[in-house]
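J.: Got a structure for you, written out below as structure tokens; questions coming shortly.
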């Protein structure tokens with residue numbers, strides 16, 4: 001019985017592995033330089049459907065089409081820059097994981113620093129408010145009441 005369950009598990013694992021691998025095409029290259037260029041490009045281009053994955057790591061149909069297009073362009077002898085220009089022309093700078101610094105991407109590059117600056121300003125304001133906040137004055141009666149509360153044991157401990 002144990003051997004049957006191990007065999008069944010092995011078969012299921014094999015089927016799952018084949019299905020996972022079939023999601024990605026295997027590309028044949030006649031030149032290792034082209035293969036390296038292809039690998040570099042598909043890891044630098046963003047899947048516009050998934051938005052937080054490269055086209056190398058995405059299962060989306062668009063990512064598959066983009067991988068096929070990059071493969072064809074690399075096989076045709078296009079340079080990395082030509083492939084990137086082609087993709088940017090169709091999908092804007094958003095398709096690049098490292099978009100160039102230019103007027104249209106200033107907010108993208110500067111946004112994190114602006115948010116950090118605003119957070120620091122907010123933090124400084126909050127700290128100053130607490131430092132300069134007036135002390136709460138209590139009268140003698142309130143002070144005595146607090147002392148009594150601190151010195152008396154809770155009711156559940158008195159019963160023990």
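The values are calculated or read from the model by the stated rules, or taken from the named source; none is laboratory data. Bear in mind the structure is a predicted one, so any value in this text is a computation, not a measurement. Neighbour counts run over all protein chains shown; Cβ positions are idealised from the backbone, glycine included.
J.: Can you find a residue that is without any contact (Cβ under 8 Å) to a residue 40 or more places away in the chain, more than 24 Å from residue 27 (Cα to Cα) and surrounded by fewer than 10 Cβ atoms within 10 Å (Cβ to Cβ) anywhere in region 77-89?
T.: The answer is yes, given that some residue of region 77-89 is without any contact (Cβ under 8 Å) to a residue 40 or more places away in the chain, more than 24 Å from residue 27 (Cα to Cα) and surrounded by fewer than 10 Cβ atoms within 10 Å (Cβ to Cβ).
J.: Among 27, 71, which is the only one that is at pLDDT 95 or above and either over 30 Å from the mean Cα position of the chain (by Cα) or assigned by TED's automatic domain parsing to the domain that holds residue 91 (or both)?
T.: 71
J.: Is it the case that region 99-108 has a residue that's loosely packed, with under 10 Cβ neighbours inside 10 Å, modelled with pLDDT under 90, over 30 Å from residue 37 (Cβ atoms) and not assigned by TED's automatic domain parsing to the domain that holds residue 36?
T.: yes
J.: Can you pull out every residue in region 44-65 that is in contact (Cβ under 8 Å) with a residue 24 or more places away in the chain and in contact with a strand residue (DSSP E or B) (Cβ under 9 Å, 6 or more places away or on another chain)?
T.: Within region 44-65, 44, 45, 46, 54 meet the criteria.
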